[in-house]
Every structure is written in C-alpha cells, then in structure tokens.
Amino acid sequence: MVALLMHAAEQGLVYGIAALGVFISYRILRFPDLTVDGSFVTGAAIASSLVVLQGLDPVVALAVAFAVGSLAGVLTGLLNTRLGITDLLAGVLSMIMLYSINLRIMGRPNISLLRAETITRSITALFAPLGSAAVLVFLAGIVLFIKLVLDFFFKTEVGLALRATGDNEAMITAQGVNTKTMKVAGLALSNGLVALSGGLVAHYSGFADVGMGIGTIVTGLAAVILGGSLIRSRRVGWMTASVLLGSLIYRIAVMFALRYGYVIGFQASDLKLVTSLLVIVALVVPALRDRFVRRPKPC
Amino acid sequence: MRRLVQGVVLGLLVLGLGAALVGGAPIKIGICKIVEHPALDAVERGTIAALAAAGYREGKEVEYLWASAQGDPNNATPIAQNFRSQGVSVVVAISTPMALAAAEVFKGTDTAIVFSAVTDPVAAALVASATDPSGNGNVTGVSDLIDVASDLKLLRELSPSIKRVGIVYNPGEANSDRLTRNAEAAAPGLGLVIIKAVADSTANVAMAAQSLVGRVDAIYVTTDNTVVSAIDAVVAAANEAKIPFLMADPTSLKFGPAIATGFDYYRHGEITGGVVAQILGGKKPNQIPVTYQTGAQVQLNLDAAGKIGLTFPQTVIDQASAIYYGGTLWERE
C-alpha cells in the first residue's frame, strides 16, 4: 500500500507539471488551449528519441523537450494573435499538426526506453542510498523548484502583466503592455511545461507512445479545478500548490480505482468510471463538511 | 472518513490472512490490455482457457487480476505498479504499451512478463533477439507478426491485372506501422506498388478509403485496430470501385471484405496461456524464445465477391479454410 501511494505521488508530481502548464493557459491567460494534447507527446517524443537515437544525456534531452514544447505554444499563440484564429480552434489546429510532427520526430508510433539511460535510472543510481524513494524525492525537488520559480515569476513585472492580460485585457493594454506578445509568451511557458512533463512521463514509464497525449487537457483541467475547489485562494503560491494537490488527488484516485475497484465489485472496464467517481467524492466531501459541520467560530 | 479507511484496510487484511490460512493460496496472475477490443478480449479468453486446460483453474490454482488501460497509455504504468504491489507471479501484458510498462516496472525482479499481441518485440526492446531467449531477462511472449508478403502474393494470384495495392492504415499504431513498412518492402519483389492512405482515427477511415477509389486495383488492411473498427467504410469504398479488399483479420470476414487472412486471436491467447503454463511449471522466461504465431488462415467471402463481379481462381480456393456464402460461414472439414 505504501509503495502504491508512493507511485501515485510520483505520478501526481510528474503529471502535476503538465497541470501547471494547463493552469497558466486556462486560469492565468483565460485561454482554453488544446495544444497540450499534442505538446505533451512532443515532449515525450523529443526526450526519448534524443536519448535512444542520438545517445544524448537525459537532462539535455528534457531541456530540448521543454524548448520544443514552447515552440508549439508559440505556434498556437501566433495563430491566435497574428492570424486572428479563435483560441479554441488555434489550439485544435496545433494539436492536430503536432500529431504528424510527433510521428516524424519519433519515426514510429512507439519508442521503447527499456534499454536506454533514462533520467529515472540515472537518479536511482545517483541517489542509491534513498532506495525506492529516490525517484519520489527527485520529482518532489523538481516540481517544488518549478512551483517556486513560477510563484516568483508571477510577482515580477512581466509576470504581473501576464496575469493582467487574462484578468483585464483592456486595462493592461492601456498600461502600454502588448497583450499579443504576452499571450504568445504565456502559451510558450505553458506548453514548455507540458512537454517537460511528457518527457518525464516517458522516462518514468519506459516508453513514449504517440497516443499518450490524448486527454492531457482533460486531466490537466481536472487537477486545476479540483485543486482550486479545495484551496480557494487568490494568492499565486496557494494557486500553484492547489494545482499540484489536484493532480496528486487525481492520480491517487486512479491508483485506488485500480487497487480497490474490483474489491467493491467493479470490473476492469469500469476504471474510468471509478476514477471519476473518486474525484467526485474528493470534490464533494469538503463541500459537504462546510455545509453540515458547524465549526466553532474564530474569535 | 479515517474510521472508514481504517475499517476497510482492516477488513482487507483479515480477508487476505483468511485466504492465506485456508491453504494452497492460488498463484496470482495479472492480465492487462490496452483497450477493450474483440481481438484482445479473445486473447484474454484463450489465455485462461489454455491455462485451465493445463491444470491452472481460475479461482482454484490461480487467481486473476484484470486490468484495462481503457485506451490511455498513461494508465499502463499504474496498472503494472498495482500488479507489483499485489505480488503477482506472472504478468500477461496484451499489446505493446502494456508490455513496455510492465517490463519497466518489473525490471530486475523475478516476476515473469509474458507479452501477447505484440507485433515487433525486438524493435520494442522487450527481448534482445527473436530466436535466442538468453538475455531476455524476465520477459518473453507471443508475437502476432503476420506474413504480409504472403497476403500480397494472394492478391497477385487473384488477378494478374492487380498492380497497385492501396493500404488504409493508422501510422499511430505500432503494429500497423510496422506491417505497412513490411508491405512496402515486399511489394517490388512481387511486381506491386503500394499506395498508402492515412486514417489517424476511426472517423477518418471513410475519407482515407474513398481517396483510394480509382487509384488502386485492390485494397489491403493489416491488423490495424483503428481501421478494423471502421471496416464498413473500407468495404463501401472497395464495392464502389469494384475492386477486391483483403483484410488481415478473419473475424472481420462477414463484414464484407472479399478475402480475410490471418490469425485467430483466441488461438493467440491459447499459445500465450501455454507460455504462462511453462513458466508456472518452473521454466524461466529467458529459457523460452518468443513464439511467432504461424498457420494464418485464408477465408473467402463469396457474397462480397459477387458484388464486385470477382471470381476466385482455383489456386486461391484451394488455400481457403472457410468460405462465407449466403450469410453463413462454411468451414472446410
């Protein structure tokens, strides 16, 4: 059980990076960006093909994955801001283009990392004294770092302009900020993070598959909204924390559905149903508690 | 909430202990597949049937843990981790992504991974070599690589006027991608030209198939899950163009291709079950080379042939193990 919870936490963290990317487009920029279903795979494709085919260091490969993912975001941003294509359609177009591009990058639909030097293997070797906790500690470190950098960034002048672009475009335009550039930059950051997450997932799972991006936007949104309803705060630090919490809960729900679904009478084909039911429980329980449990009022 | 969780955990512990005390605790086998699909479901059934026949009955000698990734490769790794935490002795991983996830999660352990319905286990790095099992570690299994060249040869036999063969396929499927490449490699030797039409989802199959009308003399579809799911669209295009359609999936014969070849996936499962039985009998995975299923069948659909005015030559009829005529499948005695 402990091992399973650790694995669920690992996945919550690694997919949490993608959820942070979705948070930036959906919550900060108010831009429903479907590019992520493609850029997640782009990250996985780059991070695995560079390691397997080019023999590159996994860290370098992941950095390139982030960079190429950002380019995907730039593409969507330019389609939207320069060509005037609506946000949803711009994202859909990028996502569809990326499917073919991802197949080009990989050269085939599935790349195996079983015999490759992945980041998870390097970390397990590097932090051998930590044993099976090495990967979890490493991922927690990376994700915490990304979270803190984002928190800091959103308090800088550029970061504040980015937030204002989503909140009140007219106001920030009046302040002399080019909101088009802001949108492109925000989408680049968002898709860079999603691609990094995809790359890490490939290294963590031992393979990249061209079908692994389908649903990135759905699980990303689930994490953003779930976390946002559990931690209601307008402060950036709490908001990014809530996204990670949402991602953790989602992955724990998947793991519980797998482990205990059949114990309570569900079958293998009910996985997605049970996962969603568990997410609903996680959403509703705190709300019910607020409604029914009278708490002593703070003096 | 905490009480409830404690209660559930305690209950499970008691159940587990109880089962262990009753004695002869069954061997746990995890069976996982990428998606609910007629062929993959048949593999599951064939596997447990073969194991039961070998003396490993469900609920008695063995206990099965079932899982499906429901079409999402991201579920493959948690499924394998769950199997590991529950201490399964053997994992039956149906399809390439499931096999890769299981091999990664169980890397360096004694748990055997038996893959099934994997087209190219060597390219997937699941095993080091197709024939030499040493160096495989804890992985072995059964491949459903079909002989594309013999299918193309069959089309050639059908009529000497067949020169251009159209293939509808999804380049996102590892199996289909590999088989289409094989077809392209084999075609020149048989005097054929391959024209590809890409369908990346079931919704696009109709358009891809239509794009071949007038450009090809025959249509060929390999074991492509996307295209098989929308086979009616390919049949419609072939009938419109009045050209033969060869489908590498015998279970699809009644849906209207003129010829169906390939493997019975229930049999594929039985072979997989046989490999699992060998492992339960004490063999190590690195003593068992990968099994490549052989004995592809040829089945003819006379109803479909009638619609396009096709008469099968005697050489093709001689190879057929079954024909579909008047809405019924007639098998050769």
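The values are calculated or read from the model by the stated rules, or taken from the named source; none is laboratory data. No experiment lies behind these values; they were computed from the predicted model shown. Heads up, the Cβs are rebuilt from the backbone with ideal geometry, glycines too, and the neighbour counts pull from every protein chain shown.
Numbers for the structure displayed
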{"read-out": "Hits in segment B:301-333 - residues which are closer than 29 Å to B:Ala50 by Cβ, in contact (Cβ under 8 Å) with a residue 40 or more places away in the chain and of a type in the set (A, V, I, L, M)", "value": "B:Ala322, B:Leu329"}
{"read-out": "Flag if A:Leu113 is of a type in the set (A, V, I, L, M), in contact with an Asp or Glu (Cβ under 8 Å, 6 or more places away or on another chain), surrounded by 19 or more Cβ atoms within 10 Å (Cβ to Cβ) and closer than 30 Å to B:Gly137 by Cβ", "value": "yes"}
{"read-out": "Scan of segment B:88-117 for residues that are more than 11 Å from chain A (Cβ to nearest Cβ) and on the phi > 0 side of the Ramachandran plot, ordered by number", "value": "B:Ala117"}
{"read-out": "Odd one out for A:Ala257, checked against (1) assigned to a helix (DSSP H, G or I); (2) of a type in the set (A, V, I, L, M, F, W, C); (3) more than 26 Å from B:Gln86 (Cα to Cα); (4) at pLDDT 85 or above", "value": "(3)"}
{"read-out": "Matching residues in segment A:77-110 - criterion: being touching an Asp or Glu at 6+ places or on another chain (Cβ under 6 Å) and away from every other protein chain (no Cβ under 14 Å)", "value": "A:Asn80, A:Gly91"}
{"read-out": "Selection count where residues are among the polar types (S, T, N, Q), more than 13 Å from B:Cys32 (Cα to Cα) and touching a Gly at 6+ places or on another chain (Cβ under 8 Å), scope segment B:75-124", "value": "1"}
{"read-out": "Odd one out for B:Ala233, checked against (1) part of a helix (DSSP H, G or I); (2) on the phi > 0 side of the Ramachandran plot", "value": "(2)"}
{"read-out": "Elements of type helices (runs of 4 or more DSSP H) in segment B:32-107, at least 1 residues being under 13 Å from the mean Cα position of the chain (by Cα)", "value": "B:38-53, B:96-105"}
{"read-out": "Any hit, segment A:181-194, residues being surrounded by 24 or more Cβ atoms within 10 Å (Cβ to Cβ), facing chain B (nearest Cβ under 10 Å) and under 18 Å from A:Val68 (Cβ atoms)", "value": "no"}
{"read-out": "Filter result (assigned to a helix (DSSP H, G or I) and either among the β-branched types (Val, Ile, Thr) or within 14 Å of chain B (Cβ to nearest Cβ) (or both)) within segment A:208-223", "value": "A:Thr216, A:Ile217, A:Val218, A:Thr219, A:Gly220, A:Ala222, A:Ala223"}
{"read-out": "Total residues in segment A:265-281, condition under 13 Å from A:Tyr250 (Cβ atoms), surrounded by fewer than 18 Cβ atoms within 10 Å (Cβ to Cβ) and either within 11 Å of another protein chain (Cβ to nearest Cβ) or of a type in the set (D, E, K, R) (or both)", "value": "2"}
{"read-out": "Test: residue in segment B:45-60 that is over 19 Å from A:Val201 (Cβ atoms) and within 13 Å of chain A (Cβ to nearest Cβ)", "value": "no"}
{"read-out": "First in segment A:141-169 and in contact (Cβ under 8 Å) with a residue 12 or more places away in the chain, second anywhere and outside any helix (DSSP H, G or I), Cβ under 7 Å, 6 or more apart", "value": "A:Ala161/A:Val177; A:Arg163/A:Phe154; A:Thr165/A:Leu29; A:Gly166/A:Leu29; A:Gly166/A:Arg30"}
{"read-out": "Looking only at segment A:224-254, and only at residues there that are buried (at least 24 other Cβ atoms within 10 Å of the Cβ) and within 13 Å of another protein chain (Cβ to nearest Cβ), the one that is nearest to the chain's Cα centre (by Cα)", "value": "A:Ser247"}
{"read-out": "Residue check, A:Ser205 within 14 Å of chain B (Cβ to nearest Cβ), of a type in the set (S, T, N, Q) and out of contact with any Lys or Arg (no Cβ under 8 Å at 6 or more places or on another chain)", "value": "yes"}
{"read-out": "Failed condition for B:Asn286, given (1) assigned by TED's automatic domain parsing to the domain that holds B:Ala49; (2) at pLDDT 95 or above", "value": "(2)"}
{"read-out": "Residues within segment A:73-85 that are farther than 16 Å from A:Thr179 by Cβ and of a type outside the set (A, V, I, L, M, F, W, C), tallied", "value": "0"}
{"read-out": "Any hit, segment B:67-77, residues being among the polar types (S, T, N, Q), within 13 Å of another protein chain (Cβ to nearest Cβ) and without any contact (Cβ under 8 Å) to a residue 24 or more places away in the chain", "value": "yes"}
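Residue by residue, here is whether (1) in contact with a strand residue (DSSP E or B) (Cβ under 7 Å, 6 or more places away or on another chain); (2) part of a helix (DSSP H, G or I); (3) more than 14 Å from every other protein chain (Cβ to nearest Cβ); (4) surrounded by 24 or more Cβ atoms within 10 Å (Cβ to Cβ) holds:
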| position | (1), (2), (3), (4) |
| --- | --- |
| A:Leu4 | no, yes, no, no |
| A:Leu20 | no, yes, yes, yes |
| A:Ala44 | yes, yes, no, yes |
| A:Val59 | no, yes, yes, no |
